[in-house]
Amino acid sequence: MAGPFDVIVIGAGPGGYIAAIRAAQLGFKTACIDEWQNGKGGPAPGGTCTNVGCIPSKALLQSSENYEHAGRHFADHGIGLSNLSIDVGKMLGRKDAVVKQNNDGILYLFKKNKVTFFHGRGAFSKAVEGGYEIAVSGPKAETLTGKQVIVATGSNPRALPGAAFDEEGILSNDGALRIPGVPKTLGVIGSGVIGLEMGSVWRRLGAEVTVLEALPTFLGAVDAQVAAEAHKAFIKQGLKIALGIKIDNVEKSRKGVAVSYADSKGSAQTLTCEKLIVSIGRVPNTAGLAPEAVGLELDERGFVAVDAECRTNLPGVWAIGDVVRGPMLAHKAEEEGVAVAERIAGQHPHIDFNTVPWVIYTSPEIAWVGQNEQQLKAAGRAYKAGTFPFMANGRARALGDTTGLVKFLADAKTDEILGVHMVGPMVSELIAEAVVAMEFRASAEDIARICHAHPSLSEATKEAALAIDKRTLNL
Ligand SMILES: Cc1cc2nc3c(=O)[nH]c(=O)nc-3n(C[C@H](O)[C@H](O)[C@H](O)COP(=O)(O)OP(=O)(O)OC[C@H]3O[C@@H](n4cnc5c(N)ncnc54)[C@H](O)[C@@H]3O)c2cc1C
């Protein structure tokens with residue numbers, strides 16, 4: 001029997017490991033349990049994000065972008081290359097090394113912060129006097145007791161009915177990150193963040209990529225103007241995107257996978273591809289947690305039911321990240337982890353989902369915070385819009401990447417920023433300024449009056465804020 005701990009965190013994804021570190025910083029005796037195994041059966045903390053999500057996808061996006069730049073754009077700079085080639089094995093090896101650095105980094109942080117790490121599966125056993133008993137199964141079975149428990153067990157990819165992932169032909173995000181060679185043809189079902197990022201990686205390396213999307217609009221959650229700009233850019237790059245389709249059947253064949261579907265006009269079509277990535281969303285992961293042992297309530301969709309402050313129906317049990325409602329984003333999970341640890345310590349942190357930034361790391365990148373034009377119109381809110389294209393930004397011209405724009409939406413009367421939407425180079429970094437501005441309830445004029453370095457992409461942000469009052473200086 002180990003413990004008693006003040007705080008036990010189940011899951012060491014970005015939600016769980018950050019919660020554990022913050023709890024330890026606040027002086028709590030903290031344990032964190034995680035079952036993820038690396039190729040050798042050892043611990044691999046970091047969850048989906050580190051192992052098969054944010055980090056490896058960005059490593060492959062970088063490698064494939066370098067390859068595309070070398071093949072398509074270096075010549076514009078006068079750089080000649082002959083015999084350009086890609087060693088997919090080496091690229092995947094680099095990605096695995098980046099993942100391992102992050103796994104090791106988390107284990108180091110646990111040591112540094114005196115978080116006790118248990119490698120295995122954590123399951124509720126029973127409620128005990130003043131807390132809970134948690135059974136750890138795995139290489140070293142243990143029983144822990146803790147006063148407070150934070151559930152951070154994350155999510156799993158959703159499979160298409162009748163087409164289970166085999167990670168050979170039908171791939172989840174996991175298989176999509178380790179295709180051993182560039183497939184000639186790649187199908188992607190679902191044009192969300194994961195589908196577009198993974199489709200982009202393999203298209204840049206030479207695959208013919210077809211994306212099938214059930215919804216009639218491209219990136220429906222994104223500001224329509226930004227989504228249209230991105231759509232145009234992806235089509236120009238050679239990505240085939242079919243919207244409004246309905247999947248009838250997915251079947252494995254000798255050649256790969258055949259997807260029968262009805263197109264937006266209702267005509268029967270078949271897509272035959274060597275590999276198929278299915279990225280149609282993710283489902284909460286409570287398998288193995290034994291919520292029933294203590295009466296932990298799940299909602300009708302299988303998420304752990306929580307209130308706005310991540311409290312479950314049980315005293316002293318909290319849940320955060322992908323396993324609860326809200327955006328399935330690593331930084332949302334992290335913020336909830338910090339907030340819960342601080343609430344346990346009696347503090348009163350606050351998270352505003354309206355200022356959580358969203359990023360799609362394609363090329364061009366897409367990023368946004370706050371409300372988009374469709375949402376403001378639907379809410380009947382009076383607003384002003386200002387946009388500025390990267391085409392008119394000196395740094396973007398020097399980079400050779402002038403696709404896209406920055407768009408500000410501000411209240412018609414008060415000028416308070418209501419949303420900022422971006423598509424273009426490095427907007428994953430530029431969006432931070434907009435988040436800060438919105439957290440401080442800045443007006444568009446506040447941004448317009450701030451001195452931005454020249455030449456920088458951030459000047460497009462300033463100019464879009466100026467555009468709210470029709471006074472751009474460089475357009
Ligand atoms: C391909 C891909 C790319 C992504 N890119 C981004 C991105 O760029 N930016 C972004 O913000 N988000 C991204 N995401 C989403 C992001 O990965 C998730 O939102 C994030 O990982 C959620 O964190 P979490 O801590 O809630 O859960 P997870 O990261 O899923 O971690 C949960 C952990 O709990 C462990 N666990 C589960 N049950 C138990 C148990 N009973 N006992 C012990 N351990 C258990 C799991 O093994 C896992 O390690 C991406 C996702 C994918 C799939």
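The values are calculated or read from the model by the stated rules, or taken from the named source; none is laboratory data. This is a predicted model, so every value here is computed, not measured. In this analysis, Cβ positions are derived from the backbone assuming ideal geometry, glycine residues included, and neighbour counts consider all displayed protein chains.
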Checklist line | Pairs where the first residue, in the stretch 46-67, is in contact (Cβ under 8 Å) with a residue 24 or more places away in the chain and within 8 Å of the ligand (Cβ to nearest atom) and the second is part of a helix (DSSP H, G or I) and acidic (Asp, Glu), C-beta under 6 Å, 6+ apart | finding: 52/174; 57/197
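A quick yes/no check of all residues on (1) touching an Asp or Glu at 6+ places or on another chain (Cβ under 9 Å); (2) on the phi > 0 side of the Ramachandran plot; (3) within 16 Å of the ligand (Cβ to nearest atom); (4) touching a residue at least 60 places away in the same chain (Cβ under 8 Å):
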{"site": "315", "(1), (2), (3), (4)": "no, no, no, no"}
{"site": "342", "(1), (2), (3), (4)": "no, no, no, yes"}
{"site": "388", "(1), (2), (3), (4)": "yes, no, no, yes"}
{"site": "394", "(1), (2), (3), (4)": "yes, no, no, yes"}
Notebook entry, point to check: Does at least one position in the stretch 453-471 carry a residue that is in a helix (DSSP H, G or I), in contact (Cβ under 8 Å) with a residue 60 or more places away in the chain and surrounded by fewer than 17 Cβ atoms within 10 Å (Cβ to Cβ)?
Noted result: no
Next item on the list: Restricting attention to strands (runs of 3 or more DSSP E) lying wholly within the stretch 197-275, give those where 1 or more residues are within 16 Å of the ligand (Cβ to nearest atom), surrounded by 17 or more Cβ atoms within 10 Å (Cβ to Cβ) and free of Cβ contacts under 8 Å to residues at least 60 places away in the same chain.
Entry: 208-212
Margin query: What's the number of the only condition in (1) outside any helix (DSSP H, G or I); (2) touching a Gly at 6+ places or on another chain (Cβ under 7 Å) that residue 332 fails to meet?
Written below: (1)
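Here is a yes/no grid of residues against (1) at pLDDT below 95; (2) crowded, with 19+ Cβ neighbours inside 10 Å:
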residue: 105; (1), (2): no, no
residue: 109; (1), (2): no, no
residue: 118; (1), (2): no, yes
residue: 140; (1), (2): yes, no
residue: 149; (1), (2): no, yes
Check: When residues of the stretch 136-178 are filtered for being within 14 Å of the ligand (Cβ to nearest atom) and free of Cβ contacts under 8 Å to residues at least 24 places away in the same chain, how many remain?
Finding: 4
Check: For the stretch 374-387, does any single residue satisfy the condition of being assigned to a strand (DSSP E or B), of a type in the set (A, V, I, L, M, F, W, C) and surrounded by 15 or more Cβ atoms within 10 Å (Cβ to Cβ)?
Finding: yes
Item checked: the stretch 17-45, residues that are more than 15 Å from the ligand (Cβ to nearest atom) and either of a type in the set (A, V, I, L, M, F, W, C) or closer than 12 Å to residue 340 by Cα (or both) -> 24, 26, 28
